[in-house]
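Written out below as structure tokens is the structure these notes cover.
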Amino acid sequence: MGVFEQKNAWLKYDEDGKRKVFDFCDGYMKFISENKTERECVDTVIAEAVKLGYRNIDDVDRIVPGDKLYYNKMGKALALFVIGKKPLSEGMNILGAHIDSPRLDIKQNPLYEDNELALLDTHYYGGIKKYQWVSTPMAIHGVICKKDGEVVKVNIGDNEGDPVVGISDLLIHLGAKQLEKSGARVVEGEALDVTVGSMPLNDEEKNSVKLNVLGILEKLYGLTERDFISCELEIVPAGPARDYGIDRSMIIGYGQDDRVCAYTSYKALFEISEPERTSVCLLVDKEEIGSVGATGMHSRFFEDVVAEIIYKMGNYNDIYVRRAMSGSYMLSSDVSAAYDPNYPDVFDKKNCAYFGYGNCFNKYTGSRGKSGSNDANPEYIARLRAALDKYDITYQTAELGKVDAGGGGTIAYIMGNYGMNVIDSGVAVQNMHAPWEVTSKIDIYETFLSYGAFLKEFV
């Protein structure tokens, strides 16, 4: 008998062990620095997967155990499979993360000129504190889709030598009335317009700055003003992720919610070959706006691709699809809120996540009275404890702040609707949904190990 005392995960590691942690996180920092949109994430993961022998499900006629497969949904969601020895109808082991992050989307008719400044009109995406997105260098990422079918990739602000763009803020000298507003209204949504130019053309009297910007975009990307209608351009923080802290123990970077769990999920899957149960990594879109649309988790694309696999294994029956879904185990790989000493009042210190204490399990999320939550079964949690303890993996449990302080949701409840066992499991984050979020390197590594143990031990 004794009181349980959690220990900081760094204390388990000698210098060689710490080097493994830092090396793994170097790869992660490169990933989030180079992949700031859903499309970029999908392209990068597919490229890695193909090198490891993964094949496009659409190009495969017959599927057998041991096959490594991927399914690309509209370039913005991705499912990766390693087909197990057991029938798929017995269920899968699923790691499910999302690859969309809060940002500013450019509207369909965005470019205008106001007093010889050219600006892009935006519509923010996801839950943000709008005032955090001003006065900071921004980049433009995305695609231009032409009428002839050509798709042109755009990246302005993250290549060497690129200019950046940004959103102006009101100077403090004139900001007295602004500072009287509530935090939610200090900067209004319609004020998040991005400054992109100020140089007029010599031979134009009207809209000369706008026309100059259009000329540059046409030269770079073949873009005409009408092409904005079929663009998908995102304004994101410019610059790479960086080591955070004098001891380099943390990472600061854009989009860590939830690409930190996406990276650890697909890297854990890539370590798996010839599993007993089919192992899956799901990287989905639209979580930040309710998991809606064709590439969000509310879509039936995952159920459809499971049906396709069963069909190509030669023994299709609708009941097998239902059994595959309901018989699955899933980790909803999503982040949690890390305790912040600057804001202790919103945390229950006995039930919150801390930097350095590994993968975080949230038995339930939701808000107030667990509204919108998937509440995981304790029998499932007990099995997870056994799997992680077997490998001496450090993990913790948490709630997302005090009961009435707020809350949030993930894709867990959506998958729980199929009757499968699901729990939220991921990395704790400070500054969540801000342009620059912060994580602990040891938590990232322990989460990667946790995901691997889950895939290996649930047989």
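The values are calculated or read from the model by the stated rules, or taken from the named source; none is laboratory data. Just so it is clear, the structure is predicted and the values come from calculations on it, not from any experiment. Glycine gets a Cβ as well: all are built from the backbone with ideal geometry, and neighbour counts include every protein chain shown. For accessibility, only protein heavy atoms count, side chains too; no ligands or nucleic acids. Shrake-Rupley method; radii C 1.70, N 1.55, O 1.52, S 1.80 Å.
When both the stretch 385-435 and the stretch 240-289 are represented by their alpha-carbon centers, they are found 14 Å apart.
Residues whose amide H lies under 5 Å from that of residue 397, counting only those 5 or more places away or on a different chain, are 361; hydrogens are built 1.01 Å from N in the peptide plane. Taking Cα atoms only, the orientation of helix 15-34 departs from the longest principal axis of the chain by about 50 degrees. Quick one: compute the contact order of the stretch 291-394, relative version, from alpha carbon pairs under 8 angstrom and 6+ residues apart, as a percent. Reported as a whole number, the value is 13 percent.
Once the Cα atoms are used to define both axes, helix 301-312 deviates from the longest principal axis of the chain by about 50 degrees.
Spin-label pair residue 392-residue 5: with each label point 7 Å from Cα along the Cα-Cβ axis, the two points sit 1.9 nm from one another.
FRET efficiency for the pair residue 180 and residue 289, taken as 1/(1 + (r/R0)^6) with r the Cβ-Cβ distance and R0 = 22 Å, rounds to 0.10. Based on the convex hull around the alpha carbon atoms, the stretch 117-251 presents an average projected area of 12.0 nm².
What is the sum of charges around residue 324, taking Lys and Arg as +1, Asp and Glu as -1, for the other residues whose C-beta is under 14 Å from the C-beta of residue 324? Combined, the nearby Lys, Arg, Asp and Glu give +1.
Against the longest principal axis of the chain, how steep is helix 378-390, in degrees 0 to 90 to the nearest 10, with axes from Cα atoms? Approximately 90 degrees, to the nearest ten. Each Lys or Arg adds one and each Asp or Glu subtracts one; over the other residues with Cβ under 10 Å from the Cβ of residue 24, this totals +2. Shown in residue order for the stretch 88-93 are the 3J(HN,Hα) couplings computed by the Karplus curve 6.51 cos²θ - 1.76 cosθ + 1.60 at θ = phi - 60°: 4, 5, 7, x, 10, 9 Hz (x for Gly and Pro).
For the chain, the solvent-accessible area works out to 47 Å² per residue, with a probe of 1.4 Å and every protein chain left in place. When all protein chains stay in place and ligands, DNA and RNA are ignored, the 1.4 Å accessible-area order of 423, 229, largest first, is 229, 423. Split the accessible area of the chain by element, probe 1.4 Å, and carbon with sulfur accounts for 49%.
Separation of the alpha carbons by more than 21 angstrom is noted, of 20/363; 73/370; 107/129; 349/370, for 20/363; 73/370. I need the shape label for the stretch 418-459. Rule: rounded when a/c is under 1.5, else prolate if a/b > b/c, else oblate, with a, b, c from the alpha carbon gyration tensor. It comes out oblate by the Cα gyration axes. Both the radius of gyration and Dmax for the stretch 117-167 are 13.5, 39 Å, in that order, over alpha-carbon atoms. Counted residue by residue at 0.36 nm each, then reduced by the alpha carbon distance between them, the extension gain from residue 315 to residue 152 reaches 54.6 nm.
For the chain, with the dipole built from +1 on Lys and Arg beta-carbon atoms and -1 on Asp and Glu ones, taken about the Cα centre, which of 325, 360, 244 lies farthest toward the positive end? Ranked along the dipole, the leading option is 325. Around the amide H of residue 338, modelled in the peptide plane, lie the amide H atoms of 429, 430, all under 5 Å away and 5 or more residues distant in sequence or on another chain. With the convex hull drawn over the C-alpha atoms of the chain, the volume per residue is 169 Å³.
The modelled label-to-label distance between residue 457 and residue 273, using points 7 Å beyond Cα along the C-beta direction, is 2.4 nm. Measuring max minus min along each principal axis, the C-alpha atoms of the stretch 274-424 give extents of 57, 38, 22 Å (largest first). Per-residue 3J(HN,Hα) values for the stretch 159-171, derived from phi via the Karplus relation 6.51 cos²θ - 1.76 cosθ + 1.60 with θ = phi - 60°, read 9, 4, x, 5, x, 10, 10, x, 10, 6, 10, 6, 4 Hz in sequence order (x marks Gly and Pro).
For the stretch 329-401, the average shadow cast by the Cα convex hull is 5.5 nm², which is a quarter of the hull's surface. A Stokes-Einstein calculation at 10 °C with viscosity 1.306 mPa s, built on the Kirkwood radius of the stretch 201-267 over Cα pairs, returns a diffusion coefficient of 99 µm²/s. Taking amide H as placed 1.01 Å from N in the peptide plane, residue 118 has its amide H under 5 Å from the amide H of 196, 197, 198, each at least 5 places away in sequence or on another chain.
State the Cα centre-to-centre distance between the stretch 65-120 and the stretch 331-369 in whole Å. So the separation of the two Cα centres works out to 25 Å. Most simply put, the chain has about 70% antiparallel DSSP beta bridges, counting only bridges with both residues inside it. Stretching residue 170 away from residue 22 to a fully extended chain increases their span by 49.3 nm, per 0.36 nm per residue minus the current alpha-carbon distance. Accessible surface ranking for 173, 433, 141, 1.4 angstrom probe, highest first: 173, 433, 141. For the chain, a crude dipole built from +1 on the beta carbon of Lys and Arg and -1 on the beta carbon of Asp and Glu, taken about the Cα centre, is about 1360 debye to the nearest 20. Using the average count of surrounding beta-carbon atoms within 10 Å as a protection proxy, the listed peptides 247-255, 371-379 rank, highest first, as 247-255, 371-379.
In the complete set of protein chains, residue-level accessible area for residue 457 is approximately 50 Å², probe 1.4 angstrom. For the stretch 1-103, the Stokes-Einstein estimate of translational diffusion at 20 °C and a viscosity of 1.002 mPa s comes to 126 µm²/s, using the Kirkwood hydrodynamic radius over alpha-carbon pairs.
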